[in-house]
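Sending over a structure as structure tokens; questions will come in a sec.
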Amino acid sequence: MDITLSQKGIYQISSPSLHHLFSFISSRAFRFYEDSSPKSPCVETYPVIEEGVEVVQEEDIVIFSYQDIEVRIGNPLTIEVFIGGKKVLQAEDYFETSGDLDVSLAEKEGHKNKQSDFNGGGLKIHSRSPVYGLGERSGPLDKRGYDYINWNTDDPSAHVDTFKSLYQSIPFFILFNPEISVGVFLDNTYRTHFDLNKTDPSAVKISFAKGEGDYYFFFGKMDEVVSMFTSLTGRNPLCPYWALGAQQSRWSYPSKEKVDEVIQGYRGAGLPLSVVYLDIDYMDHYKDFTVDPSKFPDIVSWLKQKKDEGIVIIPIIDAGVKAEEGYRLYDEGIENGYFSTLNGEVYHNEVWPGDSVFPAFLDEKVQTWWATHIKEFLDLGFGGIWNDMNEPASFKGPLPLDVDMGGSLHEKAHNVYGHFMVKAGAKGFELAARRLFQLTRAGYAGTAAYSSSWAGDNQSIYDHLRLSLPQMMNMSLSGQAYIGVDIGGFGGDATPELLSKWAYASLLNPLYRNHSSLGTTDQEPYLLKGQYLEAYRKALHFRYRLRPALYTELFFAEKDGNVPLRPLLYNYPADERLINENTEIMLGKDLLLIPSLFPGEQKRGGYFPADFIHVESGNLYQKGDHIVNCDLLTLPLYFRKDGLVALEDDEHTLSLLWGEKEGAWTYLYEDQGDGLDYRKGVYNLYRIEMKQGRPYICYLHHGMESRYTNIHVNKFEFPFLPQENKD
Ligand code: GLC
């Protein structure tokens, strides 16, 4: 075993079996990677600790130490990590082999048994800890006992626990420990396989089909681990304020008259609304960056009119481009060689427009070209971009693995195709000098830096209402802050009860979008009647009041990797009861949602990890188990008795949820709601603390005039008078 310094702080380990590099990122993170590892799609740069690292070589083992962390790498490959003398990780080389069992008969009937070969390399980590993360998945919060394949997949059938893949692949997970959790990120974009204590209850086994083992390890509390991971791979930039309001979508609202009818429907039923989406039928023959003039004549003045009415319009853009001569996007792409190729010819498949080609998004030139089209489209007056079918999805079988997607073959490019599509889109927002607001279906680690995500085509079934909670929590723990699911379910027909229950169960999701598929029952909330309408209205009105708290959480998500939506365990890591709590969810440190997840349910069991107060009734629930109301007319939301939550009653009036604890505090962030000036300091950040029954408001940053004039605390009203920070 030879150890040499490759660059300052980066050590080369060479032996007949090891050709690896090692570097500390901090005293709680390091990278260990094959020296042939390619440029990462998401890690631009990472800090390398250059000074203070000690290297000791013993026979067949090298020990790197920095402050209180020690990493021992052995040959043949073993990795052991100690922090403060305590072992926190033990791993070794691992090669997955296909089993001997002949499953061909089962496959003939369509059972997907056989896994492709994952014998490119891998790692076996000795662990029995709860496992979280891995992005968007079906199955429960704690992933132990399951295995997943990272291969972005558009499968419209109902997402059930046995699904190995969904639309996104984030090869990052957390092995939870209340003291020191371990985050593991395998930065390899090929098909990878993660067996989480499934075939061996004492081990997590990760393996890749091809490419290199490029690993990052992070150590700390769960919040620290997520923050280290997102600081490396990227974070959701703060969304515009309007993106926290109600969003309505359907495949499709096919004309401007229909969109206007939807807006009127909301208004007429006393339901607030901020955003309407245009699904594929707004386009001229499903051609990206076109608007059908017969359905949406004079789009610019119509969009302006909607904006003045307080409604943002967001169009869908698909990855597949119609192959048709005379269509500008296609002609430009052909002329410049911007589409993916197979054996040197432009590769064709079929998507919505019929015969389609696929921009070679991994090529920077293609990204720049795409960005100019995004800018042009945004300049018409659209408020954001909804990116879809970017796994990429195709109707005539999957794209062959050797399609060239911009200097990278499909087998390697697949999991980052959507990532680079939205990276290109984000460049378009920069060109247009607009605050970023994109949604994407496909993604990889770090996609959050360019786009928010929704969880794809769920269905109008109670199973998917229940799935949405662990799915959101694990996406959050994978570094995605602004996320949501289609409220009411996309496929299938939502009953009024399911729809209104979904409105409550999504209350804390940053993305609050009702969307449904072509051919399903209409599920716009204003079509509801009686108590169902009342329930949806109650959810929506509270949601609007909740925006300052959500916005503040999202500001900190961008700033320091805060996780807005959380499993309860995140806030109460010592409470073992919460390790696999799938039916409750928290926003920040103080808000707890205990929604109904079953039809006909009026009451349910609720577990309170501390003392909480019901936001409507003011009833106190002491730490422990309780039966709580979850009927249609009860808002299933609780705030922590010792906490403080800032809501807004109207544009100028804040109100605080306060359980009368002296010294309870919260942060509050405000800015102009849109635009990029917040990056130049045009925003206010306050710390609000309760002292002797009064709110003391202190500026932590004072960059603009506040829109708030007064503040309510329980029954009392005070002027909103922030003090300059004296420290
Ligand atoms: C995909 C999307 C869905 C959209 C549909 C039509 O299925 O996931 O949200 O409505 O395509 O564009």
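Please list 527-534, 384-391, 287-294 highest first by mean number of surrounding beta-carbon atoms within 10 Å per residue.
384-391, 287-294, 527-534
Right, next: Net charge near residue 714: determine it from the other residues with C-beta under 12 Å of the C-beta of residue 714, scoring Lys and Arg +1 and Asp and Glu -1.
Working: positive: 694, 715; negative: 660, 717.
Every neighbour counted, the sum reads 0.
To continue, here is another question. Compare the Cα positions of 617, 395, 139 along the charge dipole of the chain (+1 at Cβ of Lys, Arg; -1 at Cβ of Asp, Glu; about the Cα centre) and return the one farthest towards the positive end.
617
What three numbers, in Å, describe the spread of the alpha carbons of the stretch 206-312 along their principal axes, ordered from the longest?
54, 35, 22
Pairs 108/287; 256/375; 108/412; 680/715; 198/501: which exceed 32 Å Cα-Cα?
Exceeds cut-off: 108/287; 680/715; 198/501.
Size of the stretch 578-727 along its principal axes in angstrom, Cα-based, largest extent first?
Taking the Cα atoms of the stretch 578-727, the three principal extents are 48, 37, 30 Å.
So, counting K/R as plus one and D/E as minus one, what does the shell of residues with Cβ under 14 Å around residue 80 add up to?
Taking every Cβ under 14 Å from that of residue 80, the sum is -1.
Using all alpha carbons of the stretch 497-628, what is the percent of pairwise distances in each 5 Å bin, ordered from the shortest bin to the longest?
2, 9, 17, 21, 20, 16, 9, 5, 2, 0
Could you rank the peptides 486-496, 678-688 by their average count of other C-beta atoms within 10 Å per residue, with the highest value first?
486-496, 678-688
Can you check how the C-alpha radius of gyration of the stretch 227-269 compares to 2.2 N^0.38 Å, as a plain ratio? Intermediate results must be reported in sequence, preceding the final value.
On the way: Rg = 17.1 Å, N = 43, 2.2 N^0.38 = 9.2 Å.
So the stretch 227-269 has a normalised radius of gyration of 1.86.
A further question follows. Taking the Cα atoms of the stretch 555-655, report the difference between the largest and smallest coordinate on each principal axis, in whole Å and largest first.
Rounded to whole Å, the extents work out to 39, 34, 25 Å.
From the helices alone, meaning DSSP H stretches of at least four residues, give me the mean residue ellipticity at 222 nm for the chain, per-run term -39500 (n - 2.57), in deg cm²/dmol to the nearest 500.
-6500 deg cm²/dmol
Among 370, 349, 339, which residue has its Cα positioned farthest towards the positive end of the charge dipole of the stretch 332-382, with +1 placed on the Cβ of Lys and Arg, -1 on the Cβ of Asp and Glu, and the dipole taken about the Cα centre?
So the residue furthest toward the plus end is 370.
Still on this structure, I have one more. Dipole size in debye (nearest 20) for the chain around its Cα centre, Lys and Arg Cβ +1, Asp and Glu Cβ -1?
1840
A further question follows. Compute the whole-percent fraction of alpha carbon pairs in the stretch 622-708 spaced more than 16 Å apart. Don't skip to the answer; put the middle values down first.
On the way: 2377 of 3741 pairs.
Of the Cα pairs, 64 percent sit more than 16 Å apart.
Express the C-alpha Rg of the stretch 124-264 as a ratio against the empirical globular expectation 2.2 N^0.38 Å, rounded to two decimals.
Cα-based Rg divided by the globular estimate yields 1.31.
Give me the log10 of I(q) over I(0) for the chain at q = 0.07, 0.10 Å⁻¹, as the Debye formula computes it from C-alpha points; what are the numbers?
Evaluating at q = 0.07, 0.10 Å⁻¹ gives log10 I(q)/I(0) of -0.49, -1.03.
Which one of 237, 303, 222 has its Cα pushed farthest toward the positive end of the charge dipole of the stretch 198-348, where Lys and Arg give +1 and Asp and Glu give -1 at the Cβ?
222
Taking K and R as +1 and D and E as -1, what net charge do the other residues with C-beta under 9 Å from the C-beta of residue 8 add up to? Spell out each step's value before the answer.
Values: positive: none; negative: 50, 51.
Result for the local shell: -2.
Can you tell me what the convex hull of the Cα atoms of the stretch 364-434 projects to on average, as an area in nm²?
So the mean shadow area of the Cα hull is 5.0 nm².
Ignoring ligands, DNA and RNA, what percent of the 1.4 Å accessible area of the stretch 443-502 is carbon and sulfur?
54
To the nearest whole percent, what portion of all C-alpha pairs in the stretch 350-401 is separated by more than 12 angstrom?
Beyond 12 Å sits 73 percent of the P(r) for the stretch 350-401.
Take the Cα gyration tensor of the stretch 415-571, multiply each eigenvalue by 5, square-root it, and list the three semi-axes largest first, rounded to whole angstrom.
Working from the Cα gyration tensor, I get semi-axes of 27, 18, 15 Å.
Suppose all protein chains stay in the model; what accessible area per residue would a 1.4 Å probe give for the stretch 152-260, in Å²?
In whole numbers, the stretch 152-260 has 26 Å² accessible per residue.
Rounded to two decimals, what is Rg over Rh for the stretch 342-474 when you use alpha-carbon atoms and the Kirkwood radius?
Computed over Cα atoms, the ratio is 1.00.
Please identify the GluC sites (Glu not before Pro) of the stretch 323-389 that satisfy two criteria: DSSP loop assignment and at most 11 other Cβ atoms within 10 Å. Which are they?
For GluC sites (Glu not before Pro) across the stretch 323-389 that sit outside H, G, I, E and B with at most 11 neighbouring Cβ atoms in 10 Å, the list reads 325.
If you don't mind, there's one more thing I want to ask. Per residue Cα convex hull volume for the stretch 260-335, in cubic angstrom?
Values: hull volume 7.6 nm³, N = 76.
Taking the convex hull of the Cα positions in the stretch 260-335, it is 100 Å³ per residue.
The values are calculated or read from the model by the stated rules, or taken from the named source; none is laboratory data. Just so you know, these numbers come straight off a predicted model, no measurement behind them. Using ideal geometry, Cβ is built from the backbone for each residue, glycine included, and neighbour counts are taken over all protein chains shown. For accessibility, only protein heavy atoms count, side chains too; no ligands or nucleic acids. Shrake-Rupley method; radii C 1.70, N 1.55, O 1.52, S 1.80 Å.
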